[in-house]
């Protein structure tokens with residue numbers, strides 16, 4: 001006679017994977033929050049996630065609620081499968097973040113799978129893991145010991161809990177309500193700007209913080225399948241900020257020391273791939289690392305305190321910003337998603 005899954009095992013088969021996925025999101029946020037993606041600051045990850053925990057729990061609950069549609073071993077296998085898939089995704093997210101400082105979106109797959117992108121990732125793969133990443137597998141070890149304990153105790157002779165498929169609908173409805181509260185409040189202007197900040201943002205890292213990595217990828221896949229990109233409508237406050245900035249940029253500069261310094265001269269742009277500022281002026285073994293760039297920096301202006309603004313396109317974003325003085329999109333790359341646009345570029349000036 002086929003052994004049946006005991007009651008405690010049926011409960012654990014969904015509760016343990018559910019808790020594991022939530023904790024794995026804390027771990028991911030702990031890596032992101034610390035400033036060094038190879039050093040885990042789990043407490044900081046938990047603190048970052050706490051304000052958005054209802055949204056994160058609702059997303060994860062939606063993933064696991066369908067397990068109640070199955071009986072016995074089906075429910076057990078569903079929980080393990082969802083947990084395994086989420087584990088693979090969160091590990092890929094962390095590795096990609098260490099390489100590019102963003103989380104992978106579906107629109108970036110063609111770029112990452114290209115010959116140059118895939119070869120670079122594969123060559124760097126051994127350096128993109130840390131021993132602490134093994135924490136992502138901790139729950140599978142706990143599950144294995146628990147299953148062995150249940151089997152050895154002979155709890156398989158107990159009666160199975162009754163089939164309650166309605167629990168799937170109840171959990172899904174509660175989770176959907178929690179996720180819909182802020183959008184509904186935004187319709188009457190009672191959301192305090194949370195809808196724009198949490199739901200409209202295209203920042204992949206922030207999206208994973210608000211809705212967990214599972215929520216980010218779920219929305220990203222849905223938007224990509226629908227063939228649309230999140231739009232952003234400027235408010236009156238945004239327009240005022242924009243106009244104030246451009247007015248400041250257009251201020252009279254006739255009395256500055258820089259005016260006219262390049263008159264009658266040509267402009268030569270030297271762009272170096274993946275150059276970090278710390279090598280400028282530095283030496284190794286008594287020899288300058290960048291002697292030519294050092295001479296250029298000493299004979300001109302060296303701006304060392306800058307903020308890196310590249311996004312998913314990385315080097316291509318740098319090319320785009322240098323040539324156009326425009327910022328790249330947060331969740332895509334210009335040369336893939338906006339290749340048909342016409343831009344005013346530096347060589348045209």
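Bear in mind that the values in this text are calculations on the coordinates, not laboratory data. Model, not experiment: these values are computed from the prediction. Cβ coordinates were reconstructed from backbone atoms using ideal geometry, including for glycine residues, and neighbour counts include every protein chain displayed.
Couple of notes before you dig in:
- With the largest listed first and rounded to whole Å, the semi-axes of the equivalent ellipsoid of region 256-307 from the Cα gyration tensor are 25, 13, 12.
- Peptides 89-96, 46-53 ranked from most to least packed, by the mean per-residue count of other Cβ atoms within 10 Å: 89-96, 46-53.
- Equivalent ellipsoid dimensions for region 70-111 as semi-axes, Å, which come from the Cα gyration tensor, largest first: 30, 11, 5
- Relative contact order [Cα under 8 Å, 6+ residues apart], the chain, whole percent: 19 percent
- Angle of helix 315-324 to the longest C-alpha principal axis of the chain, folded into 0 to 90 degrees and rounded to 10: 40°.
- Cβ-Cβ FRET estimate between residue 173 and residue 15, R0 fixed at 25 Å, reported to 0.05: 0.80
- Label of the coordinate-derived value, Rg/Rh (Cα atoms, Kirkwood Rh), listed as (i) 1.07; (ii) 1.02; (iii) 1.15: (i)
- Computed over region 264-348: relative contact order in percent, which uses C-alpha pairs under 8 Å that are six or more apart: 19 percent
- Full extension of the chain between residue 66 and residue 284 gives 72.6 nm of extra length, using 0.36 nm per residue less the Cα-Cα distance.
- Alpha carbon convex hull of region 264-348, volume per residue in cubic angstrom: 119 Å³
- For the pair residue 38 and residue 255, the difference between a 0.36 nm per residue extended length and the Cα-Cα distance amounts to 73.3 nm.
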